[in-house]
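Some notes on the structure that comes next.
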Amino acid sequence: MRRSIATLGLAALLAVPAMAQTPAPRQQTPARPGAAAAGASTLDQVKARGQLLCGVNGVLPGFSSPDPQGVMRGFEADFCRAIAAAVLGDPARVRFLPMATPEAGLDALAGRQIDLLMRNTTVTLSRDAARPVTAGPVLFYDGMGFLVPRSLGISSPRQLGTRTICWAGAEGVQGTAADNLAGFAQRHSINWTVRRYDTQALVVAALQAGECHAFAADSAALSARRVTDFQDPNRWTVLPEIISGEPLAPWTRANDELWHDTVFWAAQALIQAEYLGLTSQNLTQNLTSSDWLVRRLLGTESDIGRAFGLPNSWAARMIGAVGNYGEMFERNLGRGSIIGMDRGLNDQWTRGGLLYGMPLR
């Protein structure tokens, strides 16, 4: 009987449409030029459209890339689906829009071509200040690393000496790989040659042809490319040392507090769900959990949706659709994927990582 009640309860929770509750609208702060206008929150626009427009990388396995059937898969894609589940009650109501570079994604966001940028985009001062956009919570902690041939027999970038280091990206963008490489070389008196290419694929080709001795990029991206872009991944290795901090976060438009908070607390809910041991597999049985923290997160004993104009089941919808943070990581990047990354900094604080979910109270 308890199981039957819980099952019916979950069905009821997940069936409530996102627009069922209509609390008093939250007061928006005055918008600066180009920002979302007061009273026109992206949240309302997404509800009215019935679809989330999510900017992603689109060509980076593990984060966002199409599977053989053309379905966008990856950690970033799953977060977009989580937001759609929370707001629209359906994780499939997402349109994925590939962004060639972080700057292109930020421009598209500022230009209102997308609702959310969930592309491996580092939070930096220059990016935050240059456009009417704002970073959300850090969802992935990364750093610039190096992919090298095992035949070099090295374990640190400081051993690359006078070799050629290659990277891909737009020229003249503040805070790019070139700046990281120049700063590291200066600090350690290294005289390597740095070469820029327009695309990641060109760097891979140059590396295989021997024109480059190392591929410099975010370490997680290199881990993904090692097993997807090279015929014999075992000939290549990603050095364990990173030379920069690259906190990756979702981005929203500035002066749209309601939408920013929706994205922020969605991320906290996914992190908290893992901390509490709440998964997509045990969601139903936990509707009647003896743990009040679990019941509050699932909305069976709280009013966690009112502030956003969402049903109290918004977090349950996300967990039911994509799982908790750990499930997303393991499925797309971790031991359950072809990439096989360790959690490292992207683990819960109780296991030595940096993930610490904010209390949903």
Calculated from backbone phi, Karplus (6.51, -1.76, 1.60) coupling profile of region 41-58 in Hz, x at Gly/Pro = 4, 4, 4, 5, 5, 5, 4, 5, 6, x, 7, 9, 9, 10, x, 9, 5, x
Amide hydrogen neighbours beyond the local backbone of GLU211, cut-off 5 Å, H modeled | none
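Please give the FRET efficiency for THR288 paired with ALA92, using the beta carbon to beta carbon distance and R0 = 22 Å, rounded to the nearest 0.05.
Numbers: r = 28 Å, r/R0 = 1.29.
Once the sixth-power term is evaluated, E becomes 0.20.
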Of the listed peptides 199-212, 129-142, what is their order by residue-averaged count of other C-beta atoms within 10 Å, with the highest listed first?
-> 129-142, 199-212
Could you work out how far the C-alpha centroid of region 189-229 sits from that of region 37-102, in angstrom?
-> 28
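When the chain is fully extended, how far beyond the present Cα-Cα distance does SER280 get from ASP128, taking 0.36 nm per residue of separation? All intermediate terms of the calculation are to be shown ahead of the outcome.
Numbers: separation 152, 0.36 × 152 = 54.72 nm, distance 3.44 nm.
Working it through step by step, the gained length comes to 51.3 nm.
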If N is the residue count of the chain, its Cα Rg over 2.2 N^0.38 Å rounds to 1.04
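Over all directions, how big on average is the projection of the convex hull of the alpha-carbon atoms in region 160-307, in square nanometres? Kindly include the intermediate steps, with their values, before the conclusion.
On the way: hull surface 53.7 nm².
Mean projected area for region 160-307: 13.4 nm², to one decimal.
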Determine Rg/Rh for region 243-353; Rg is computed over alpha-carbon atoms and Rh is the Kirkwood hydrodynamic estimate from the same atoms.
-> 1.00
Mind giving me the nanometre distance, one decimal, between the label points for VAL194 and ILE338, set 7 Å out from Cα along Cα→Cβ?
-> 3.2
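If you stretched the chain out fully between GLU330 and ARG150, how much longer would it get, using 0.36 nm times the residue separation minus the C-alpha to C-alpha distance? Write out the running numbers ahead of the final one.
Working: separation 180, 0.36 × 180 = 64.80 nm, distance 2.62 nm.
Result: 62.2 nm gained on full extension.
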Sorted from fewest to most neighbouring beta carbons within 10 Å, what does the list MET118, MET341, MET318 look like?
-> MET341, MET318, MET118
Mind listing the long-range amide H neighbours of LEU52? Cut-off is under 5 Å, sequence gap 5 or more, other chains count too, H placed in the peptide plane at 1.01 Å from N.
-> VAL94, ARG95
Ordered by residue, what ³J(HN,Hα) values in Hz, to whole numbers, does region 86-96 give under the Karplus form 6.51 cos²θ - 1.76 cosθ + 1.60, where θ = phi - 60° and Gly and Pro are x?
-> 5, 8, 10, x, 8, x, 7, 8, 10, 10, 8
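Antiparallel DSSP bridges in the chain: what percent, to the nearest 5? Mind showing how you got there, number by number?
Values: 18 of 33 bridges.
Percent antiparallel among DSSP bridges in the chain is about 55.
From Cα pairs below 8 angstrom and at least 6 apart in sequence, can you work out the relative contact order of the chain, rounded to a whole percent? Let's see the in-between values first.
On the way: 714 pairs, mean separation 86.0, N = 361.
Computed over the chain, the figure is 24 percent.
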Taking amide H positions as placed 1.01 Å from N in the peptide plane, with prolines and chain starts having none, which residues 5 or more places from ASN324, or on another chain, fall under 5 Å of its amide H?
-> SER280
Rg(Cα) / (2.2 N^0.38 Å) computed for region 144-244, rounded to two decimals | 0.97
Among DSSP beta bridges whose residues both lie in region 144-244, state the antiparallel percentage, nearest 5.
-> 50
Computed over the Cα atoms of region 224-266, what is the ratio Rg over Rh, Rh following Kirkwood?
-> 1.27
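Using a Förster radius of 45 Å, what is the FRET efficiency between THR162 and TYR356 based on their Cβ-Cβ separation? Nearest 0.05, please. Don't skip to the answer; put the middle values down first.
On the way: r = 42 Å, r/R0 = 0.94.
The value I calculate is 0.60.
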Return the whole-Å distance between the Cα centroid of region 240-289 and the Cα centroid of region 117-151.
-> 17
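Bear in mind that the values in this text are calculations on the coordinates, not laboratory data. None of these values were measured; they are calculated from a predicted model. Neighbour counts are summed over all protein chains in view; Cβ atoms, including those assigned to glycine, are modelled from backbone coordinates with ideal geometry.
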